[in-house]
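Comments concern the structure below.
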Amino acid sequence: MNKIDNLIKMANDISNFFNADPDKELAADGVAKHIMRGWEPRMRHDIINHYQQGGSGLSDLAKMAIAKLIAQTKV
Amino acid sequence: MSINKEQDFGTPASTEGQTVSLEIDGFAVTAPVGTSIMRAAASIGIDIPKLCATDSIEPFGSCRLCVVQIEGGRGMPASCTTPVAEGLKVCTQNPRLADVRRGIMELYISDHPLDCLTCAANGDCELQDMAGAVGLREVRYNPVETHLHAVKDESNPYFSFDPSKCIVCSRCVRACEETQGTFALTLDGRGFDSKVSPSQNQAFMDSECVSCGACVQACPTATLMEKSVIDHGQPEHAIVTTCAYCGVGCSFRAEMKGEQVIRMVPHKDGKANHGHSCVKGRFAFGYATHKDRITKPMIRASIKDAWQEVSWEEAINHAASEFKRIQAKYGKDSIGGVTSSRCTNEEAYLVQKLIRAGFGNNNVDTCARVCHSPTGYGLKQTFGESSGTQDFDSVMKSDVILVIGANPTDGHPVFGSMMKKRLRQGAKLIVVDPREIDLVSNSPHIKASYHLKLRPGTNVAIINALAHVVVTENLMDETFALERCDVASFEKWKTFITQDYHSPENSEAITGVPAADVRAAARLYATANNGAIYYGLGVTEHSQGSTMVIGIANLAMATGNLGRDGVGVNPLRGQNNVQGSCDMGSFPHEYPGYRHVSDANTRALFQQAWQAELSPEPGLRIPNMFDAALDKTFMGMYIEGEDIAQSDPDTQHVLAALRAMECVVVQDIFLNETAKFAHVFLPGASFLEKDGTFTNAERRISPVRKVMTPLAGYQDWEVTQLLSNAMGYPMNYSHPSEIMAEIASLTPSFSGVSYEKIDELGSVQWPCNEQTPVGTPIMHTETFMRDNGKGLFMLTEFVATAERTNQKFPLILTTGRILSQYNVGAQTRRTANNAWHSEDRLEIHPHDAEDRGLKNGDWAGIKSRAGETVLRALISERVQPGVVYTTFHFPESGANVITTDNSDWATNCPEYKVTAVQVSKVSQHSEWQQEYQKFSENQLELLEQGMANG
């Protein structure tokens, strides 16, 4: 799996866990926090770039979370 | 130093609190109710002669050497089987007793070889001691028939069995039953024909014996004797240290002759193992002096070059200059490293300190990434601390034991024996595992009440189904949940888990487990006075590993099975120091004590102490390092004591990353698989050659003590210090105790830990601080460790793994360990343990084998989406149809060539336990295996060339 595909899968997998929360705002916060606290800056930079280019392959919740990530921090 | 034999009190200690007072030989004694007279006497220094009694097993009363007289009592009772009572007056020595004892000894000696001077037990023989103690001066009998010509059994590689020296005291038989729980030995025959027999008169190696050594330990004569003692004679001094194999962390006495280890004897006062051991820790220490040890530093420009032996200074300077060059060319974040769970706490701490402070980034990770990182995450989220909740002894108070994805009798054998003892006492067992582990029905006198034989990859569906039953049938301990846990999260979780799709009936199609069994198992666990959960890598090594850990925590909180003896959530850690290496800040996002690198206060504390600017950003995890290497942004790596080329998933991806890097520095005791891709080799020290501490699965910090000089001249912490100084970040420790003092000063849960305390107490369980100065056997007794003190329920939706079976890959491969080999096998493969397991095999169900025309021993090709390898087939009904299983102890097996890069969502712990594969009958090794063999042979040639030139 290439690098960006791997990051997309990672973001979607994280989203799958938090998606259990019926409150999608809270779920997206959970995903964003998880990525912020666990991903090295290069990885965050790459997934944000991918999101900004349309975010193909990212789940809806992952997209919501990355939007929050962008709002929270500059990478 | 001396051998300092441990005192044998003859019978086990009583656990009763109430005491009685009596008189023995005129001396007043107070002892707990249930104590034997023999033990009470020993406690005041009166040693009553004995042969069939030893304090690791229950009294038997067969030798009669320990007889005493009790004022007002009849006859001469055996002191080992007679309990103390209030007001007793006991006489242990008088002419009548002396006559009886001499008579007994005379009979024993009449059928015993009188070769004491040349006997291996000379100087350590209880029979010899008793002959002296009773004053035996002559043997009047001249028996017509004796056992003196009985044939020795030399089949076990580590100990011999000489029945001519056996006194049929049954200590070995009872140790095998009571201590180990294998029941491999029996007393066969009657009267004169009585003899100790492995299984049904078989050789030890052909019997069920697991070579734990309990029988050897219990034998009072030279009947069962370590071959190393036969070869080298009795040891002359002993040093207490800690085993370097699994996460049980057994305490051992390294019994020495000068700098040579003669034998490793389990330490009676060891609080993790209480004098028991397994075949690895007890016997498989020979790797430490194996001829494959590399003891000189080596460098080379490329992995195609021969190694060049160089001085320590040249090797260290070369590594440092390469790392600096790479950082100058690719940036500060282009290098990193891996700490080891096989190394000490102090060594792991220093490596992460070097990386954070010396390299200037947080690119540090550890092998827990591929085993228990989901435990760290899941338990931190729910309970507030990344660790198990109990001490091992807690299991002896459990009424129902739920074992999920663990195989304690193989992976954690000494704890497995303790668990078996509790099960034989009547505790109930539930096993959740795709495979029939020995505990299910293959251990004597043990049978699981329920074996939930689920499909691999469906753990979360099962834990949700169990929880669904607990909630909907109102089997919860709501008082506990409401008082001790976050109420909002509890209510939210109840709403989630009550939904009908979690019911056992609806989950059955996913898990394959009959709903009735799930319901019954849930009821059994939830209604137990004390329900305990033990789990292993079958929980963590999944794409939902962290979710499952959280699900387990939810279940324990909902049923109130936390915060006291006999209950809890207990991860059985794989490696000796995997808990410790995680505690020491080996993860890229956490400092020691699991504090996030982004936390400004914590970072300021470390910056002040380390006098360095620290990055607030998380670093790369191991798999991310590989991706970055292939992306040309991560080009140098310092790997201490890990073999990522063999142990990490998707081998071809790992090897490509290693090949892509410009400087790989490996510090190890052998040229392991990773070192074949290295540019600098720094020879490491085995656990026998270093001082430090290991932390086991119950958070117990135990001492590791140097018993021999490091073969390469340095302990591993010294090598890291040299490298750090060469990198320009000064370190000046003169002993690991100074490193522990620094850890304690910076880590709240370790603030009370010191070498002095460990020496005084023998070991200590963290948290150890002002509030808990002697440590914490059981956690969360009053509050949880989260900031608000409340346990947190989290929602655990089942998400099927992306690793799916289909027509092309119709079977699921799952992996595991066996008793005699250890992880990548670097240590145990270099011992006689190969006698039990000399190759990895593919277990396959008879139906699946028949479909493929496979017979036992045939070569089976195993193909996955990641790669292909070939193993010999082992037809077995332990696996269910559709599931195949293998171990991963031999590099040539290429088990990880077929595992994929699928991983846990939270931590990237690889999904070793679920790989879709096809299996077919083949006639030769796979292409990868053939290439591996060529590459490996070439690397060994390059090593030999280097050594020849050196």
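The values are calculated or read from the model by the stated rules, or taken from the named source; none is laboratory data. Keep in mind that this is a model prediction, so the values were computed, not measured. Glycine gets a Cβ as well: all are built from the backbone with ideal geometry, and neighbour counts include every protein chain shown.
Scanning the stretch B:156-191 for residues that are aromatic (F, W, Y) and out of contact with any strand residue (DSSP E or B) (no Cβ under 8 Å at 6 or more places or on another chain) gives a single hit, B:F183.
Criterion applied to B:V774, B:V799, B:V764 was being within 14 Å of another protein chain (Cβ to nearest Cβ) and of a type outside the set (F, W, Y), and the one residue passing it is B:V799. Counting only helices (runs of 4 or more DSSP H) that sit completely within chain A, those holding 3 or more residues that are closer than 26 Å to B:E803 by Cα and within 12 Å of chain B (Cβ to nearest Cβ) correspond to A:3-18, A:24-38, A:41-52. Taking the criterion of being surrounded by fewer than 21 Cβ atoms within 10 Å (Cβ to Cβ), at pLDDT 95 or above and out of contact with any helix residue (DSSP H, G or I) (no Cβ under 6 Å at 6 or more places or on another chain), would at least one residue in the stretch B:909-920 satisfy it? Checked the stretch B:909-920: at least one residue is surrounded by fewer than 21 Cβ atoms within 10 Å (Cβ to Cβ), at pLDDT 95 or above and out of contact with any helix residue (DSSP H, G or I) (no Cβ under 6 Å at 6 or more places or on another chain). In this structure, B:V440 does not qualify as among the β-branched types (V, I, T) and in contact (Cβ under 8 Å) with a residue 24 or more places away in the chain.
Is it the case that the stretch B:840-855 has a residue that's out of contact with any strand residue (DSSP E or B) (no Cβ under 8 Å at 6 or more places or on another chain) and assigned to a loop (DSSP other than H, G, I, E, B)?
So far as the stretch B:840-855 goes, no, none of its residues is out of contact with any strand residue (DSSP E or B) (no Cβ under 8 Å at 6 or more places or on another chain) and assigned to a loop (DSSP other than H, G, I, E, B).
The C-beta contact set for the stretch B:792-816 (first residue among the charged types (D, E, K, R), second residue part of a loop (DSSP other than H, G, I, E, B) and surrounded by 21 or more Cβ atoms within 10 Å (Cβ to Cβ), distance under 8 angstrom, 6+ apart or interchain) comprises B:E797/A:N19; B:E803/B:G457; B:E803/B:S543; B:E803/B:T900; B:E803/B:N902; B:E803/B:E911; B:E803/B:V914. In this entry, B:S581 passes the filter for residues that are assigned to a helix (DSSP H, G or I) and not assigned by TED's automatic domain parsing to the domain that holds B:D391.
Here's the yes/no breakdown for (1) farther than 18 Å from B:P413 by Cα; (2) surrounded by fewer than 23 Cβ atoms within 10 Å (Cβ to Cβ):
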| site | (1), (2) |
| --- | --- |
| B:P810 | yes, yes |
| B:I818 | no, yes |
| B:Y822 | no, no |
| B:A826 | yes, no |
| B:R830 | yes, yes |
| B:N834 | no, yes |
| B:E839 | yes, yes |
| B:I844 | yes, no |
| B:H847 | yes, yes |
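Among the residues of the stretch B:723-743, those identified as surrounded by fewer than 20 Cβ atoms within 10 Å (Cβ to Cβ) and among the aliphatic types (A, V, I, L, M) are B:A726, B:A741. The residues of the stretch B:679-704 that are hydroxyl-bearing (S, T, Y) and over 18 Å from B:Y755 (Cα atoms) amount to a single one, B:S686.
Within the stretch B:514-551, if we keep just the residues that are surrounded by fewer than 24 Cβ atoms within 10 Å (Cβ to Cβ) and among the hydrophobic types (A, V, I, L, M, F, W, C), the residue that is nearest to the other protein chains (Cβ to nearest Cβ) turns out to be B:A515. Before we move on, is B:A306 more than 23 Å from B:K165 (Cβ to Cβ), assigned by TED's automatic domain parsing to the domain that holds B:E760 and either in a loop (DSSP other than H, G, I, E, B) or out of contact with any Asp or Glu (no Cβ under 8 Å at 6 or more places or on another chain) (or both)? So B:A306 fits the description; yes.
If you take the residues of the stretch A:1-22 that are more than 24 Å from B:F626 (Cβ to Cβ) and of a type in the set (A, V, I, L, M, F, W, C), which of them is surrounded by the fewest Cβ atoms within 10 Å (Cβ to Cβ)? Per the stated criteria, the residue is A:A20.
Yes or no, residue by residue, for (1) more than 14 Å from chain A (Cβ to nearest Cβ); (2) more than 26 Å from B:L572 (Cβ to Cβ); (3) of a type in the set (S, T, Y); (4) under 26 Å from the mean Cα position of the chain (by Cα):
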| residue | (1), (2), (3), (4) |
| --- | --- |
| B:L620 | no, yes, no, no |
| B:L630 | no, yes, no, no |
| B:E642 | yes, no, no, yes |
| B:R659 | yes, yes, no, no |
| B:C663 | yes, yes, no, no |
| B:V666 | yes, yes, no, yes |
| B:N672 | yes, no, no, yes |
| B:T693 | yes, no, yes, yes |
| B:N696 | yes, no, no, yes |
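The residue pairs whose first member lies in the stretch B:188-204 and is over 22 Å from B:L107 (Cβ atoms), whose second member is in a loop (DSSP other than H, G, I, E, B) and among the hydroxyl-bearing types (S, T, Y), and whose beta carbons are closer than 7 Å, counting only pairs six or more residues apart or on different chains, are B:P198/B:S207; B:S199/B:S207; B:A203/B:S155; B:F204/B:S155. Does any residue of the stretch B:351-363 turn out to be aromatic (F, W, Y), part of a helix (DSSP H, G or I) and more than 19 Å from B:A726 (Cα to Cα)? Scanning the stretch B:351-363 turns up no residue that is aromatic (F, W, Y), part of a helix (DSSP H, G or I) and more than 19 Å from B:A726 (Cα to Cα).
Return yes or no: is B:E23 exposed (fewer than 14 other Cβ atoms within 10 Å of the Cβ) and either outside any loop (DSSP other than H, G, I, E, B) or modelled with pLDDT under 95 (or both)? So B:E23 does not fit the description; no.
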